[in-house]
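Asks: Below is the structure I would like to discuss, written out as structure tokens.
Just so you know, all these numbers are worked out from the coordinates, no wet-lab data involved. This is a predicted model, so every value here is computed, not measured. Neighbour counts are summed over all protein chains in view; Cβ atoms, including those assigned to glycine, are modelled from backbone coordinates with ideal geometry.
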């Protein structure tokens, strides 16, 4: 039977914006970072008193995951045993509900990060905790789900059942990368994966249908529990944002988390800022967080629902020749992405940059005032690293407030185990 909006769901269309009256200071929590040998990060490390939202990354659904790693495919297979296609599932069950991270004094029959989050919720009852479905490596099943109204209903219903079972959750976050293509398995540059205009249109409509069903199911749960539940989504920048029908989808959503980072990276020779606040005449393709946010507002996203993204990491290149550390321009290129990093080539967590990429190691700290973006330059090794720090985050928060945005968020919390980047976000947002 095709589901229609309940009266409560219709009422929610006119009330969700009220959630944004409190400035959002959010952080994604990566469930795999407890395995980081150099700097393991668990729920106990989260500075919950400085956050309004914790977003748990990532859950998924039963469906195709051919682009994911073999390990993830095994986890999906195990999690989906006996379940209907497109059912919402916890992917890494060991991390989420099995691993013993220590004693809690909440009455739950599971362990893992979830038990710790249940404790955190008890200790900080005003914080909002959301599971995020999808992510770069697990968005493939969304495209399959989009072809069937029944699949959308199945995912929506089971996702809401999941947060009812794990009652510390306060809603649902979607990280479908991306409706209309452009993700891991839907690259527009590959003729074998590029989506047709017909499929793009169908996915545009499917996203609206998805958030409509989720909002309705969440409101039914709200009637049952007498709690309010949020529904948010991550938003890609540029053309990816334009692939969503914001006029019709936006009213069902509480917040939209704008992924204003990864403008550039070691996957290409082009070198420069990866998360700069301002675009300048030097910016590659005119990229800047301010430009992308203004485009989203023009597409119909209310500014008070937009949450500006900050990166707790950097991206780097090597073989950056014919360069002496001056302000990067659109003509700056490197031979390749850095063949080293924090557990991944070309990717540098903030804590690692602060610890191991100092002047002592040959790195000069530089700051582009116009772009509001820091970078590191090693003249001897010809290495360029773009990243985020307290100074650039302060600028982002100030700009977000002046633009009347909903707040700021970070990807992801384990990059900042000291908590000083979160502290900067929180203190500046609440000045």
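Asks: How large is the Rg to Rh ratio of the stretch 44-114 when both quantities use alpha carbon positions and Rh follows Kirkwood?
Replies: Across the stretch 44-114, the Cα-based Rg/Rh ratio is 1.04.
Asks: For the stretch 261-329, what does the convex hull of the Cα positions come to per residue, in cubic angstrom?
Replies: 103 Å³
Asks: Roughly how tilted is helix 149-165, in degrees to the nearest 10 and between 0 and 90, from the longest Cα axis of the chain?
Replies: Here the helix axis deviates by roughly 90 degrees.
Asks: Looking at the square roots a ≥ b ≥ c of the eigenvalues of the Cα gyration tensor of the stretch 7-259, which shape do they give, rounded for a/c under 1.5, prolate if a/b is larger than b/c, or oblate?
Replies: oblate
Asks: Would you list 385, 297, 244 from fewest to most Cβ contacts within 10 Å?
Replies: 297, 385, 244
Asks: Using R₀ = 35 Å, calculate the FRET efficiency as 1/(1 + (r/R₀)^6) where r is the Cβ-Cβ separation of residue 198 and residue 69; round to 0.05.
Replies: Details: r = 31 Å, r/R0 = 0.88.
Once rounded, the FRET efficiency stands at 0.70.
Asks: Angle, helix 390-402 long axis vs. longest principal axis of the chain, Cα atoms, 0 to 90°, nearest 10?
Replies: Tilt of helix 390-402: around 50 degrees.
Asks: What residue among 64, 40, 328 has the largest mean-square fluctuation in a Gaussian network model of the chain, using Cα springs under 10 Å?
Replies: The residue that fluctuates most here is 40.
Asks: Using DSSP, restrict attention to beta bridges with both residues in the stretch 7-259 and report what percent are antiparallel, rounded to the nearest 5.
Replies: Values: 2 of 24 bridges.
Bridges in the stretch 7-259 are about 10 percent antiparallel.
Asks: With n ≥ 4 as the cut-off for DSSP H runs, can you work out [θ] at 222 nm for the chain, using -39500 (n - 2.57) per run divided by the number of residues, rounded to the nearest 500?
Replies: Rounded to the nearest 500, the figure is -9000 deg cm²/dmol.
Asks: How compact is the chain by the rule of thumb for globular proteins, expressed as Cα Rg over 2.2 N^0.38 Å?
Replies: The chain yields a ratio of 0.95.
Asks: What is the calculated FRET efficiency for residue 93 to residue 381, with r their C-beta to C-beta distance and R₀ = 41 Å, to the nearest 0.05?
Replies: Result of the calculation: an efficiency of 0.45.
Asks: Length gain on complete extension for the stretch residue 220 to residue 78, per 0.36 nm per residue less the alpha carbon to alpha carbon distance?
Replies: Going from the current span to full extension adds 48.2 nm.
Asks: Using a 10 Å cut-off around each Cβ, can you sort 215, 394 from fewest to most neighbouring Cβ atoms?
Replies: Ordered from fewest to most neighbouring Cβ atoms within 10 Å, 215, 394 come out as 394, 215.
Asks: Sticking with this one: So if R0 is 25 Å, what FRET efficiency would residue 187 and residue 285 give, r being the distance between their Cβ atoms, rounded to the nearest 0.05?
Replies: My answer for the efficiency is 0.90.
Asks: Using Cα centres only, tell me the gap between the stretch 207-231 and the stretch 245-312 in whole Å.
Replies: Comparing the Cα centres of the stretch 207-231 and the stretch 245-312, I get a distance of 27 Å.
Asks: Using Cα atoms only, what is the angle between the long axis of helix 289-298 and the major principal axis of the chain, expressed in degrees (0 to 90) to the nearest 10?
Replies: With both axes taken from Cα atoms, the answer is about 40 degrees.
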